[in-house]
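Here, each number is a calculation from the coordinates, and none is a lab measurement. Just so it is clear, the model here is predicted, and its values are computed rather than measured. Please note: Cβ atoms are built from the backbone with ideal geometry, for glycine as well, and neighbour counts cover all protein chains shown.
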Amino acid sequence: MIRVMKMIYILVDDNRIKTHDPYELVRAFYGNSKINIIGPDSKETLDKLSETIHISLQDEVYKVSLLRNNILVDFEKMSYPGKDFFRGDGASRNNTVKYLIYRLLSRNLDTKPPWGILTGIRPVKVAKILMDKGLSQENIIEVLTDSYLLSPDKARLIADVSITQKPILDSLDKNSYSIYIGIPFCPTRCFYCSFPTLIADRNNDIMKEYVDSLIEELEDTYSMMCNWHPNTVYIGGGTPTSLPKELMSKLLFHINMRFGGIKELTVEAGRPDTIDREYLELLKSNRVDRISINPQTMDDNTLRIIGRKHSAKDIVEAYRLSKEIGIETVNMDLIVGLPGENRRSVGETLKIIGRLEPDNLTVHTLAVKKGSEFILDREKYEITPTVEIQEMLRMASEFAKENGMIPYYLYRQKQIMGNFENIGYSKKDNPSLYNVSIMEEKETIIGIGMGSTSKFYNKLDKTIDTLANFRSIREYMERLSELKSRKRQKINEIEASWSKLYLDT
């Protein structure tokens, strides 16, 4: 049972500990309580009615103590290094502290978060590190459960995802890159959305200028990446199909003209109220082989609550039409933890989706994102209990298995409810290459458009550098030349490092 306190303090005495890590782990135990971190040099006075987790180090022995109202309740301690996390010194120290926190709080709060001490948003990376160290699948699971304190099902899950992804990631060479194109327009703004979305029917006058800017940025990408080869293109949003057909046609024509050899072209068509037969035929004729039609839920009342203008019936009709037209792969997104929903609601949604037999299924856990209506007016909404979310995720996992799908990518978000995860499932041999690439950060991704982010991955020295485009549509379009110049500089730096390496050898 999770205790709700007036204030939770994390008192850290060692400057080498990254305070973000213990913060995220403590939040998994205390839910919505306010948590305050106090570093070694802070002079802040503790609230008398507080609960404090005190992290101290003496003679290379870490000690984590739990105090209530300034009275010691319990503690855990361990010599460093007392556990093998197969990581460097910095990460191992953080993991040691988190290990002690987890042991201490799980004993005193009578709860065991299933993700153990993993606080990052990409837990599959840990399994890959262990795989690269030469550990077998069973050894990886053993380390994840013993040292990282994952539940056995979560440990096996990320081990399985790692194995599924391995041939995809191994096939990427140093010159491979993908492109993400952001379309910021939507019919309405969903209550959980934190992206600076623009309502489509209020911004028709700016769409043409925006698409022209996208094409200019794509043209520059084609030019600057002449020593690379494109792998995939993903058009996301927002809702890309909010664009008028003629503008989408113009954008797709340019993509196919410049990047015709790609392995995968995806367009998010998440809102069924933005697509019809003519629009789907346009996508099909322009070599789009993957789309998303995203129900989130098949409950009409919930759809209204979250800000959708369509019905569950519209989703079914859009899906059937897309398959009739011949779209190869259709993904469907669900969100568990939506206000007022329970396992029965999710069961009904899965039953309806099951009749459609989607090629891919992505199951998200609702996240409380800064800037969303949800976080601003949270008291308006009924919050789903953690145990209910856990059961919903289990139901979705069973559904995927029964329908011949395997998990192929997984990530976690900050402020995700219940400290759970988002999982992508696919039919055998049909995963989204782009989703694997963007989550595992083993390929350069060039972000095109307002609010998109480029990730420059240097495969030779395994470094990642990022560059974000402006989040204002006007600023993006007016300062596009500046963005192009900064991207070219990043690519030139990577290519210069390759030349230096070859000269050195």
Of all GluC sites (Glu not before Pro) in region 269-368, the ones in DSSP coil with at most 15 other Cβ atoms within 10 Å are E328
What does the charge add up to near A468, with Lys and Arg as +1, Asp and Glu as -1, over the other residues with Cβ less than 13 Å from its Cβ?
-> +3
For region 273-289, 3J(HN,Hα) per residue [Karplus equation, 6.51 cos²θ - 1.76 cosθ + 1.60, θ = phi - 60°, Hz, x = Gly/Pro] | 6, 9, 10, 9, 4, 5, 5, 5, 5, 4, 4, 4, 6, 9, 6, 6, 9
Centroid-to-centroid separation of region 274-303 and region 129-162 [C-alpha atoms, Å] | 37
Taking K370 as the anchor, which lysines have their alpha carbon closer than 21 Å to its alpha carbon, excluding any fewer than eight residues away along the same chain?
-> K34, K380, K414
Roughly how tilted is helix 343-356, in degrees to the nearest 10 and between 0 and 90, from the longest Cα axis of the chain?
-> 30
What ³J(HN,Hα) values, in whole Hz, does the Karplus curve 6.51 cos²θ - 1.76 cosθ + 1.60 give for region 19-30 when θ = phi - 60°, with x put for Gly and Pro?
-> 5, 4, 5, x, 4, 5, 5, 4, 4, 5, 8, 9
Mind running the shape call on region 135-265? Use the C-alpha gyration tensor, a ≥ b ≥ c as the square roots of the eigenvalues: rounded below 1.5 for a/c, prolate if a/b tops b/c, oblate otherwise.
-> oblate
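How high is the relative contact order of region 114-156, in percent, with contacts defined as C-alpha pairs under 8 Å that are six or more residues apart?
Details: 29 pairs, mean separation 23.6, N = 43.
That works out to 55 percent.
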The answer for trypsin sites (Lys or Arg not before Pro) in region 220-314 that fall in a DSSP coil and have at most 14 neighbouring Cβ atoms within 10 Å is K263, R287, K309
Spelling it out for G237: with amide H atoms placed in the peptide plane at 1.01 Å from N, the residues 5 or more places away or on another chain with amide H under 5 Å from its amide H are I183
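Around A91, with a cut-off of 13 angstrom between Cβ atoms, what is the net charge of the other residues, counting Lys and Arg +1 and Asp and Glu -1? Spell out each step's value before the answer.
Values: positive: R16, K18, K83, R87, R93, K98, K125; negative: D21, D84, D89.
Overall, the nearby charge balance is +4.
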What list of ³J(HN,Hα) couplings, whole Hz, do you get for region 412-422 from phi and the Karplus terms 6.51, -1.76, 1.60, once you set θ to phi - 60° and write x for glycine and proline?
-> 10, 10, 5, 6, 6, 5, x, 6, 8, 8, 10
The chain, relative contact order [Cα under 8 Å, separation at least 6], % | 13
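Near T239, within a Cβ-to-Cβ distance under 15 Å, what is the net charge of the other residues, with Lys and Arg +1 and Asp and Glu -1?
On the way: positive: R189, R202, K245, R271, R308, K309; negative: D201, E268, D273, D276, D314, D333.
Around T239, the charge tally is 0.
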Does region 114-156 come out rounded, prolate or oblate by the C-alpha gyration tensor, with a ≥ b ≥ c the root eigenvalues, rounded set by a/c under 1.5 and, if not, prolate when a/b is larger than b/c and oblate if not?
-> oblate
Nearest 10 degrees, 0 to 90: helix 137-146 Cα axis against the chain principal axis | 50
Could you tell me how many degrees, from 0 to 90 and to the nearest 10, lie between the Cα long axis of helix 386-402 and the main elongation axis, the longest principal axis, of the Cα atoms of the chain?
-> 50
Aspartates and glutamates near K112 by alpha-carbon distance under 18 Å, same-chain residues fewer than 8 away left out - which ones?
-> D21, E24, D74, E76, E142, D146, D153, E388, E391, E421
At S499 and S472, where each label point lies 7 Å from the Cα along Cα→Cβ, what is the point-to-point distance in nanometres?
-> 3.7
Sorted by chain and then number, the residues having a modelled amide H within less than 5 Å of the amide H of I37, at least 5 places away or on another chain, are I10
Return the long-range amide H neighbours of I416 (sequence gap of 5 or more, or a different chain), with a cut-off of under 5 Å between placed amide H atoms.
-> V368
